[in-house]
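The next block holds one structure in the form of structure tokens; read it before the comments.
The values are calculated or read from the model by the stated rules, or taken from the named source; none is laboratory data. Keep in mind that this is a model prediction, so the values were computed, not measured. A quick note on method: Cβ atoms are made from the backbone with ideal geometry, for glycine too, and the neighbour counts reach across all protein chains shown. With ligands, DNA and RNA removed, areas are computed over all heavy atoms of the protein, side chains included. Shrake-Rupley method; radii C 1.70, N 1.55, O 1.52, S 1.80 Å.
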Amino acid sequence: MRRRRAWPLILFGAGFLFCSESNPAAAFQLPESLQLSGNVESQTLIRHSNPTHFQLVQNRNVLRLHTEWDWQKEGQPTPAFSLPFASNVHLSLLYRGVYDSFYDINPGDRQRGQERTDDLVGGRVGNLSHSQRTDLKFDNDLREGFVDMTLRALPLSFRFGRQQVVWGESDHFRLMDLWNPLDVRWHMHQEAMWDEIRMPLWLLKGVYNIGTIGPLSDAYAELVYNPGDYQPGIRADYLPRPWALPFPDPTRQGQIQYDPVTKANFSPRIDLQGTSDHQGDFHRNPAEASEVGTRVYAKTPHGIEFTLNYFYGRGRNIGASLPVALRVESVNLPGLPGLGGVPIGKYQVDSNNPSDVRDVYPVDLKAKIVHPYLNVAGFTAKYYDAAFTNTSYRMETAYVFGSPFHTVESDKLVRTTLRGRDIPGLNLPTAPLGFTKRDVWSGMLGFDRAAMLESVNQEAPWIFSGQFFWTYTTGKFVDQLRGNAGTSEAPYFGNVGVWKQGQYAGRVERQQDARQVGNGDDIHRWEHLITLSATSFYRNSTIVPILANVFDPVNLNDSVLWSIDYFMTSNFIVTVKQSFYTDFGANVPSNDPWYVGGRLHRRDETGVKVTYQF
């Protein structure tokens with residue numbers, strides 16, 4: 001559904017004319033069972049990593065059209081074509097068209113990564129081809145298209161089609177909310193409404209209303225099946241996309257590795273065998289990419305609501321864990337200097353020293369990006385204490401069996417060969433990362449409480465919400481596990497140079513140490529996160545402020561976010577917001593797995609969003 005066509009703009013105009021009160025077309029009467037709604041939105045983001053540097057990083061314009069149709073409803077006239085076994089049939093369609101003019105404006109500055117060397121290597125948006133920028137600036141998507149059906153003879157309902165399935169009790173960081181992958185390519189995970197960044201899937205969901213089971217009430221069982229529409233747990237992008245992950249693609253071609261033993265520069269020719277972050281080593285069909293999950297809900301006599309959850313499917317990120325990993329199969333040198341090696345180009349080692357230009361030799365790396373099947377068991381609960389604290393308490397926990405990880409364990413590192421042969425006397429290096437699996441346990445404890453603070457608001461209460469997250473990685477050698485960050489103390493902090501000859505001529509690259517195993521993106525056995533937010537309503541709910549703070553106590557990172565929604569009318573909303581990220585002056589890269597402040601510490605931003613809803 002992602003196409004570069006003009007019809008999203010045509011729909012934009014038709015929807016606006018249809019919904020305009022001043023247009024005679026609005027007098028057309030729709031059936032009561034058919035509802036049309038939508039909105040038009042424009043958001044501009046300015047990055048200000050320091051007081052004197054400002055960057056335009058987004059001008060995103062969005063059209064949403066939502067249609068709901070009660071095709072068959074109990075108590076209403078039966079349509080000419082009806083399903084005799086169904087009491088209610090409801091159709092829902094949601095379309096979203098996006099145009100980001102940033103890629104047409106094409107600013108010439110480098111996009112900010114985690115560190116300055118990321119900026120230099122990641123480069124400018126203008127380095128992308130016209131077709132690449134065209135692909136990035138448009139998003140033409142059927143977000144949702146599903147049918148709800150309730151049976152007459154059984155307390156059973158179905159939803160089948162392209163949809164979102166939301167499990168769990170946590171906000172903005174995911175545990176059991178794992179069915180729909182997150183698309184963070186537009187703005188990472190900073191969007192206020194996660195309905196916008198969840199990727200809908202073609203799913204079949206069934207709910208059986210059980211009712212009462214002994215002392216438990218309101219019980220139901222839910223079954224969800226994905227017939228092969230697998231998508232990776234996180235869909236991200238890399239620099240120079242402005243709100244991508246803050247480093248260049250770690251599997252990009254044209255990287256430079258320096259081997260201090262042979263005194264030679266090498267460039268890996270990476271063969272991922274058709275795999276990528278978005279495509280695993282399998283086909284998207286029911287045999288290789290189907291998924292299934294179930295949960296049971298009930299309420300105790302004391303008012304405690306809980307669910308028991310189970311999910312079986314391919315790679316998902318739970319808490320601070322990763323959904324996919326690179327599995328290296330072989331590393332082979334076609335030749336060495338003096339041993340039949342043929343250079344593929346020349347590289348200026350230091351961009352400030354044009355006289356130091358050296359030959360670059362190829363090294364063939366064969367690998368796959370894998371999205372393994374996982375078993376996930378979970379439990380959620382919430383309880384409102386009206387007697388003592390007037391507070392709603394919630395919790396959630398998930399246990400993942402066999403989550404993929406990178407490792408630097410020596411027995412899992414692939415040795416480099418020369419023309420397919422292992423020659424120990426040459427003392428060739430190993431691959432920088434190996435592959436392994438670990439079980440991961442994550443959880444969340446949270447609360448929500450409304451309180452009247454008459455000194456700051458006499459009209460409405462302030463609503464406070466807090467969460468404490470944890471992730472625990474099991475097994476031995478956790479200190480040897482690594483993430484997938486592009487920036488770290490090593491091996492990426494070498495000289496920044498430029499290709500002078502060969503197919504990558506003109507490209508800026510940084511020299512990496514071929515003998516350096518791993519990177520600086522260490523995995524901690526325990527990871528924690530604390531969130532606190534507050535919101536209220538002023539001037540008859542026309543002004544809605546939101547304040548939030550997210551703190552990572554393990555990696556010492558923090559982000560502060562605030563926004564104000566101003567409802568000029570019930571249909572026209574102006575939003576002003578700011579985000580600030582800090583690693584508290586850390587003198588080494590802070591690779592926080594939550595992407596709170598360390599990785600984003602150069603990406604403070606101010607945004608303005610205008611929304612018209614109809």
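Going by the structure shown, is residue 518 of a type outside the set (Phe, Trp, Tyr) and within 24 Å of residue 407 (Cα to Cα)?
For residue 518, the condition - of a type outside the set (Phe, Trp, Tyr) and within 24 Å of residue 407 (Cα to Cα) - is met.
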* **Per-region count, the stretch 424-448, residues more than 29 Å from the chain's Cα centre (by Cα) and surrounded by 14 or more Cβ atoms within 10 Å (Cβ to Cβ)** => 4
* Can you work out which of the residues in the stretch 145-170 that are crowded, with 18+ Cβ neighbours inside 10 Å and among the charged types (D, E, K, R) is farthest from residue 383 (Cα to Cα)? => 162
* **So residue 65, is it open to solvent by 50 Å² or more (accessible area, probe 1.4 Å), of a type in the set (A, V, I, L, M), touching a Ser or Thr at 6+ places or on another chain (Cβ under 9 Å) and without any contact (Cβ under 8 Å) to a residue 60 or more places away in the chain** => no
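Residue 296 - would you say it is assigned to a loop (DSSP other than H, G, I, E, B) and open to solvent by 40 Å² or more (accessible area, probe 1.4 Å)? Write out each step before concluding.
Details: assigned to a loop (DSSP other than H, G, I, E, B): no; open to solvent by 40 Å² or more (accessible area, probe 1.4 Å): yes.
Criteria not met by residue 296.
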* Of the criteria (1) surrounded by 17 or more Cβ atoms within 10 Å (Cβ to Cβ); (2) within 30 Å of residue 541 (Cβ to Cβ); (3) modelled with pLDDT under 95, which one residue 454 fails -> (1)
* Answer yes or no as to whether residue 244 is within 20 Å of the chain's Cα centre (by Cα) and hydrophobic (A, V, I, L, M, F, W, C). => yes
* To do: Could you tell me which numbered condition residue 175 fails, if it satisfies all but one of (1) assigned to a strand (DSSP E or B); (2) in contact with a Gly (Cβ under 6 Å, 6 or more places away or on another chain)?
  => (1)
* **Inter-residue pairs, beta-carbon under 7 Å, first open to solvent by less than 60 Å² (accessible area, probe 1.4 Å) and in the stretch 79-103, second among the hydroxyl-bearing types (Ser, Thr, Tyr) and at pLDDT 95 or above, 6+ apart** => 86/150; 87/150; 88/150
* Can you find a residue in the stretch 466-486 that is surrounded by fewer than 20 Cβ atoms within 10 Å (Cβ to Cβ), more than 29 Å from the chain's Cα centre (by Cα) and over 30 Å from residue 389 (Cα atoms)? -> no
* Does residue 536 satisfy being in contact with a strand residue (DSSP E or B) (Cβ under 6 Å, 6 or more places away or on another chain), within 22 Å of residue 449 (Cβ to Cβ), among the hydroxyl-bearing types (Ser, Thr, Tyr) and open to solvent by less than 70 Å² (accessible area, probe 1.4 Å)? -> yes
* Structure fact -> (1) within 27 Å of the chain's Cα centre (by Cα); (2) modelled with pLDDT of 95 or more all hold for residue 505 apart from (1)
* **Of the criteria (1) part of a helix (DSSP H, G or I); (2) modelled with pLDDT under 95; (3) open to solvent by 50 Å² or more (accessible area, probe 1.4 Å), which one residue 30 fails** => (1)
* **residue 564, sole failed condition from (1) over 28 Å from the mean Cα position of the chain (by Cα); (2) surrounded by fewer than 17 Cβ atoms within 10 Å (Cβ to Cβ)** => (1)
* Asked: Out of the stretch 574-596, which residues are open to solvent by 40 Å² or more (accessible area, probe 1.4 Å), of a type in the set (S, T, N, Q) and either over 29 Å from residue 544 (Cα atoms) or part of a loop (DSSP other than H, G, I, E, B) (or both)?
  -> 587
* Residue under evaluation residue 353, criteria (1) outside any loop (DSSP other than H, G, I, E, B); (2) open to solvent by 20 Å² or more (accessible area, probe 1.4 Å); (3) polar (S, T, N, Q), criterion not met -> (1)
* Structure fact -> Expected single match for out of contact with any Gly (no Cβ under 8 Å at 6 or more places or on another chain) and over 23 Å from residue 227 (Cβ atoms) among 272, 322, 245 is 272
* Structure fact -> residue 579: passes all of (1) in contact (Cβ under 8 Å) with a residue 60 or more places away in the chain; (2) among the polar types (S, T, N, Q); (3) more than 30 Å from residue 482 (Cα to Cα) but (3)
* Structure fact -> Flagged pairs (Cβ under 6 angstrom, 6 or more apart or on separate chains; first in the stretch 454-482, more than 24 Å from residue 591 (Cα to Cα); second open to solvent by 40 Å² or more (accessible area, probe 1.4 Å) and among the hydrophobic types (A, V, I, L, M, F, W, C)) are 460/537; 461/450; 461/452; 462/453; 463/450
* **Exclusive hit being out of contact with any strand residue (DSSP E or B) (no Cβ under 8 Å at 6 or more places or on another chain) and in contact (Cβ under 8 Å) with a residue 12 or more places away in the chain, set 232, 181** => 232
* Please enumerate the residues belonging to the stretch 155-172 that are out of contact with any Pro (no Cβ under 8 Å at 6 or more places or on another chain) and in a loop (DSSP other than H, G, I, E, B). => 155, 165, 166, 167, 168, 169, 170, 171, 172
* **Residues of the stretch 50-68 that turn out to be more than 29 Å from residue 601 (Cβ to Cβ) and either of a type in the set (Lys, Arg) or modelled with pLDDT under 95 (or both), as a count** => 1
* Mind checking which residues of the stretch 332-355 are of a type in the set (S, T, N, Q) and over 19 Å from residue 253 (Cα atoms)? -> 351, 352, 353, 355
* To do: Working only within the stretch 264-286, note down all residues that are in contact (Cβ under 8 Å) with a residue 12 or more places away in the chain, open to solvent by 50 Å² or more (accessible area, probe 1.4 Å) and not polar (S, T, N, Q).
  => 269, 271, 278, 281, 284, 286
* To do: Within the stretch 235-256, identify whether any single residue is among the basic types (Lys, Arg) and either farther than 30 Å from residue 47 by Cα or assigned to a strand (DSSP E or B) (or both), and answer yes or no.
  => yes
* Structure fact -> Exception for residue 610 within (1) within 24 Å of residue 40 (Cα to Cα); (2) touching a Leu at 6+ places or on another chain (Cβ under 8 Å) falls at (2)
* Asked: Considering only residues of the stretch 299-332 that are open to solvent by less than 40 Å² (accessible area, probe 1.4 Å) and among the small types (Gly, Ala, Ser), which is nearest to residue 217 (Cα to Cα)?
  -> 303
